[in-house]
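Please read the structure below before turning to the comments.
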Amino acid sequence: MNAPVNIAVPSKAGRINLLGMDRPSLEAFFVALGEKPFRATQLLQWIHQRGVSNLDEMTNISKSLRTRLAETTEIRCPEVVLEQASDDGTRKWLLRVDSGNCIEAVFIPEQDRGTLCVSSQVGCALDCSFCSTAQQGFNRNLSVAEIIGQVWVANRALGRDARVPPEAGCRKRPLGKTPLEPMGGGRIITNVVMMGMGEPLLNFDNVVQAMSLMTEDFAYGLSKRRVTLSTAGVVPALDRLREVSDVSLAVSLHAPNDALRNELVPINKKYPIKELLASCLRYLEGKPHRRITFEYVMLDGVNDSPQQARELVHLLADIPSKINLIPFNPFPNTRYARSSDVAIDRFRDILVKSGFTTITRRTRGDDIDAACGQLAGKVLDRSKRKLRQIPVTVVAQ
Ligand code: SAH
């Protein structure tokens, strides 16, 4: 996989933020400074594995190099404005990324995994009718540092909490290999999903580079199967993705036909289902045993009938896939309601009987508005896009 090497872009203050540079970029940066490329791995380990943002603590990097780095670079992490914990263990961070904008990242602990949900944009331009992020409009793309910074912040906070406090007499016990691993082994963040605010494929280069830090051995070291990009279906970008990355793919389908999907996910008018599914199949080429996850939000009386379940079975028959049913998470002024448990179970049973692995996503963290589609952050809308009122087809059951 040949992701492009990013040329370090100085911030407004004229400094290069080392937090957002992946290994190839950092190696190129150090070579340009007349240094050996292995400095890149040292720096990655300090920043991402040990959560260190102060150059002075990086003791295996010479004092003179640290002084040079201090002159032209910075390690700037998103500022935590608010950290909330749900009764079910879900954690949410509100992070300030600039004077007017905040984003949110959410950690969802489960029995066998810990998933961090990461944002890719401030707001979203796609206007999906059932998503609260859409209501806020679009402001801008996040930088690589702002995307990976969400993992950095969560990793540090979770690692900090998982460690036994020194007063318990454990001061000398070794830390886990990385802050991702609490003492006694076992990672805390085992999976990252690009399912927060924004459409990741519309911030392509930055998202790809941030994901390469997630899977980088000297940074977060997650397997490509445990990093998932979720898209509403930007087909040309999806075709580009398979050239540079092989992370897991989730596709927000939400409807079994174009007429309904045009209303729920308006980008479908540009890239209809047939084109999207063809692109999904191309993504799986050369990746045996991999499957696409299709996400399907359960909207009462809109897309949850048995007939629509059968239509979905037919649609996905030839695609190695699994299906995640997401009970709709309401937000103020929405015109939708969540499907009943009976409707969701009936829908799921039809899919399962037809051989689809189907999971109903349990709603997590809704007491802190951390569930899918509830991530709000704070967005200064520059899109000037008026909220369009899209008529919704109500399908009789
Ligand atoms: N833009 C990307 C990722 C962001 S949303 C995408 O569309 O995939 C992550 C998932 O949450 C998507 O499947 C999205 O459709 C779903 N979602 C959005 N709003 C929701 C809501 N109110 N209730 C339940 N799921 C929602």
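The values are calculated or read from the model by the stated rules, or taken from the named source; none is laboratory data. This structure is a prediction, so every number in the text was calculated from the model and none was measured. Here the Cβ positions follow ideal geometry from the backbone for every residue, glycine too, while neighbour counts run over all protein chains shown. Areas reflect the complete protein model, heavy atoms only, side chains present, ligands, DNA and RNA absent. Shrake-Rupley method; radii C 1.70, N 1.55, O 1.52, S 1.80 Å.
Quick notes
- Scanning region 341-381 for residues that are modelled with pLDDT of 75 or more, open to solvent by 60 Å² or more (accessible area, probe 1.4 Å) and within 16 Å of the ligand (Cβ to nearest atom) turns up Asp341, Arg348, Ile359, Arg362.
- Residues that are open to solvent by 20 Å² or more (accessible area, probe 1.4 Å) and either under 23 Å from the mean Cα position of the chain (by Cα) or not β-branched (Val, Ile, Thr) (or both), drawn from region 294-318: Asp300, Pro306, Gln307, Arg310, Glu311, His314, Leu315, Ala317, Asp318
- For region 215-268, the candidate set comprises residues that are within 13 Å of the ligand (Cβ to nearest atom) and either in a loop (DSSP other than H, G, I, E, B) or aromatic (Phe, Trp, Tyr) (or both); within that set, the residue that is farthest from Leu202 (Cα to Cα) is Ala255.
- Among the residues listed as Thr90, Thr115, the single one being more than 15 Å from the chain's Cα centre (by Cα), within 16 Å of the ligand (Cβ to nearest atom) and in the same structural domain as Ala210 (by TED's automatic domain parsing): Thr90
- Residue in region 298-309 that is over 16 Å from Leu229 (Cβ atoms), away from the ligand (no atom under 16 Å from the Cβ) and part of a loop (DSSP other than H, G, I, E, B) present: yes
- Residues of region 184-193 that are surrounded by 24 or more Cβ atoms within 10 Å (Cβ to Cβ) and away from the ligand (no atom under 16 Å from the Cβ): Ile189 alone.
- Of all residues in region 50-65, those that are closer than 20 Å to Phe29 by Cα and not assigned by TED's automatic domain parsing to the domain that holds Ala157 have Cβ atoms under 6 Å from Cβ atoms of residues that are of a type in the set (Lys, Arg) and outside any loop (DSSP other than H, G, I, E, B), 6 or more apart or on another chain, in Leu55/Arg66.
- Single residue of Tyr271, Tyr283 found to be open to solvent by less than 10 Å² (accessible area, probe 1.4 Å), away from the ligand (no atom under 11 Å from the Cβ) and among the aromatic types (Phe, Trp, Tyr): Tyr283
- Hey, Leu69 assigned to a helix (DSSP H, G or I), under 25 Å from the mean Cα position of the chain (by Cα) and in contact (Cβ under 8 Å) with a residue 24 or more places away in the chain or not: no
- Residue that is nearest to the ligand (Cβ to nearest atom) [pool: residues in region 194-207 that are closer than 16 Å to Arg226 by Cα and open to solvent by less than 10 Å² (accessible area, probe 1.4 Å)]: Met194
- Checklist (1) basic (Lys, Arg); (2) more than 30 Å from Lys224 (Cβ to Cβ); (3) at pLDDT below 95 applied to Lys287, failing item: (2)
- One residue stands out among those in region 321-340 that are open to solvent by less than 60 Å² (accessible area, probe 1.4 Å) and in a strand (DSSP E or B): the one that is farthest from the ligand (Cβ to nearest atom), which is Ser321.
- Taking (1) in contact (Cβ under 8 Å) with a residue 24 or more places away in the chain; (2) more than 16 Å from the ligand (Cβ to nearest atom) in turn, Ser120 satisfies each apart from (2).
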